[in-house]
Amino acid sequence: MLDFNQAAALGQAIAARQVSVREAAEQSLKAVACQKTKLNAWITVDPDQVLRQADDVQRRIDQGEAVSPLAGVPVAVKDNISTRGLRTTCGSRMLADYTPPYDATVVARLSRAGLVILGKTNMDEFAMGSTTETSWFGPTMNPWRPGHVPGGSSGGSAAATASGQVLLALGSDTGGSIRQPCAWCGLTGLKPTYGTVSRYGLIAYASSLDQIGPMALTAGDCRILYEILAGPDSRDSTSLPDSPLPADCKLKAWTGGAGRPLAGLTVGCLDDAAPVQPAISAARAAAIRQLEALGASVEPLAMPLLDEAVPAYYLIATAEASSNLARFDGIRYGYRPDDADVADIGDYYARGRSEGFGREVRRRILLGTFALSAGFYDAWYLQALKVRRLVCDRYAEALRRVDLILSPVSATTAPPLGASLADPLAMYQSDRYTVAANLTGLPALALPFGQDSQGLPVGMQLTGPSFSDRLLLAAGEHIQSAQPVTHCAVDGEVSA
Ligand code: GLN
C-alpha cells in the first residue's frame, strides 16, 4: 500500500521533505483499515496515538535533531513487546486488558530513533505456535493466499509487512518465530545472536531462548533496523556488550569484492535426509547456485543431532514457560474470573488460568511442569540440557570448518488454515530447521527464495557464528542485489 518498497527509501524521502511523517503514518493507517478484516494482522492500533507520535517526530526532524535514517517510518510491534500506554496482550485472554506502564528497551530505542509505532500485531498466544492460529483474537491470514496461515508465532508482523501496511516490524524468536513467518510470507528476518538485543519488556516465553529481531522486505532494511535495536542494556542481565568476532573466526577476514562479493566464504549446506517439499529442494538448489555465482564455495555439511534438537527444545521451552507463566495468577497479573470464590485460593487460580489461557498454552504449562517435577527432572529436563550442550558443541565444530550454514527454514510452505492444530507433535516437528539457532544462541537469517507451484513463498536460512549478525545481513544484501526480492501485492498480484 505504501508507495515505497523499502523503509530506507521512505526514510530518505521523509528526510528530504518529499513525504511528511504524518503522510506516511496516514498511508499506513489507511492500509491497516483496508486489510483489517481480510488479514487480521493487528490486535491494537490507536490512530490518535499514531498521529501524535508522527507530529512529534516531524517536529524533531524540523528542529534539526539527529534522529536516524528510519525517522518517520511506521513500524509494527509484536504484541508480546511492552508499549507504555498501549495495550499488550500476548495474543491471550489472560492479558486482554493489560496496558503496560513502561516501554520495552527496543520500543524506547525505536522511539528515540524517530520511528512511529503503528500498533501491536497478532501472534500465537504467548508466542507458542507456528501458525498464528492460537491467538485469542483469531487467526491471521497469509497475504499471498488468505486461505493459508502466515506462519508463527510472529504471523501478524509478517502479514502486516508482506501486505505493505508497514515496511518494518519487530518479531520475537524462541524457536523460529521470526524466521518461519518471514519464510512463509516472502520476507527477510533475523534471529540475532542471543544477548545482542535486549529482552527487557519482552513478555517471557522461554527466557534462555527468546530474542527480539527485525523483519522487513529486504536484508538492507533489516540491517538498519538491527543497528537501532542492538546494543547492551543494563536492564537485561543477559544482554551482552558489542563483541567482535573471535580472532580465530575465518569470517572475520571476509571483505567482499566487486563482482564476486562472497569470494572466500565457505558455506556448508545442511545434509539432511528428512523429506522436504519439492519447492524447498528447488529453493535450496537455487540458493546454492546463487551463492556460487557470487563467489562462495558450497559443500555438504553433515549435522548430527537434528532429530534430537526438537524434543530438547520443547522440553526446555515448556519447562521455562511453566515457570515464566506462573505469575499470571489473576491476583498479581492477568485475567480474573468474575464470580470465583476467593475463599478457596486453589480453585480461584484454577478457574482464572483455565479460562485465561488457551488450550496450547495449558498443554505446554502441563508439559513443562511435568519435566521439572521431582523424580522426572533428571530423566527429562536435565537430559534435554545435555542435548543442548551437544548441539552447541556440534555447531561450534561445524562453524570452524565452514563460515556459514545454509538450510531450509521449514520443510514446507504455508499450510492451509486449520490444517496444523489437530496434531501438535507434527506441528512441533515442523521447527526442525529453526530451533538449533535458539538452543545455541547463534544468529540466523531467513531470506526469500522463490515460490511453490501455488505461488506461496519459500525461505532459506543462513546461520553464522555468534556476533556475525552484521556479516550475515551483508551477505543477505549481496544475495538480494543480485536477485531482487519479489513483493506480494495486496490485491494478490505479484510484483518484482
Ligand atoms: N514454534 C515454536 C514454538 O511453538 C517457536 C515459537 C517461537 O519462536 N516463539 O515453541
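The values are calculated or read from the model by the stated rules, or taken from the named source; none is laboratory data. Worth saying up front: this structure is predicted, and the values here are computed from it rather than measured. Methodologically, a virtual Cβ is constructed for each residue, glycine included, from the backbone with ideal geometry; neighbour enumeration extends over all protein chains shown.
Looking at Arg260, is it among the basic types (Lys, Arg) and either in contact (Cβ under 8 Å) with a residue 12 or more places away in the chain or crowded, with 19+ Cβ neighbours inside 10 Å (or both)? So Arg260 passes the test.
Could you please let me know if Gly64 is buried (at least 23 other Cβ atoms within 10 Å of the Cβ) and part of a loop (DSSP other than H, G, I, E, B)? No. Counting the residues of the range 155-211 that are within 19 Å of Phe449 (Cα to Cα) and among the hydroxyl-bearing types (Ser, Thr, Tyr) gives 4.
Tell me, yes or no, whether the range 399-406 has at least one residue that is within 14 Å of the ligand (Cβ to nearest atom) and in a loop (DSSP other than H, G, I, E, B). Among the residues of the range 399-406, not one is within 14 Å of the ligand (Cβ to nearest atom) and in a loop (DSSP other than H, G, I, E, B), which makes the answer no.
Of all residues in the range 420-446, those satisfying the criterion of being away from the ligand (no atom under 12 Å from the Cβ), part of a loop (DSSP other than H, G, I, E, B) and touching a residue at least 24 places away in the same chain (Cβ under 8 Å) are Gly441, Leu442, Pro443.
Yes/no per residue for (1) within 16 Å of the ligand (Cβ to nearest atom); (2) surrounded by 24 or more Cβ atoms within 10 Å (Cβ to Cβ); (3) assigned to a loop (DSSP other than H, G, I, E, B); (4) of a type in the set (Gly, Ala, Ser):
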| residue | (1), (2), (3), (4) |
| --- | --- |
| Ile212 | yes, yes, no, no |
| Gly220 | no, no, no, yes |
| Leu240 | no, no, yes, no |
| Leu245 | no, no, yes, no |
| Leu251 | no, no, no, no |
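Restricting Leu190, Leu229 to residues that are of a type in the set (A, V, I, L, M), surrounded by fewer than 24 Cβ atoms within 10 Å (Cβ to Cβ), closer than 29 Å to Leu291 by Cβ and at pLDDT 95 or above narrows the list to Leu229. The one condition from (1) under 30 Å from Gly455 (Cα atoms); (2) over 23 Å from the mean Cα position of the chain (by Cα); (3) of a type outside the set (Lys, Arg) that Leu382 does not meet is (1). Looking at the range 27-56, which of the residues that are closer than 21 Å to Ile81 by Cβ and hydroxyl-bearing (Ser, Thr, Tyr) is surrounded by the most Cβ atoms within 10 Å (Cβ to Cβ)? Among residues in the range 27-56 that are closer than 21 Å to Ile81 by Cβ and hydroxyl-bearing (Ser, Thr, Tyr), the one surrounded by the most Cβ atoms within 10 Å (Cβ to Cβ) is Ser28. The residue of the range 182-210 that is nearest to the chain's Cα centre (by Cα), among those that are of a type in the set (A, V, I, L, M) and within 13 Å of the ligand (Cβ to nearest atom), is Ala183. Among the residues of the range 407-417, the one identified as farther than 15 Å from Val267 by Cβ, more than 15 Å from the ligand (Cβ to nearest atom) and either polar (S, T, N, Q) or at pLDDT below 95 (or both) is Thr413.
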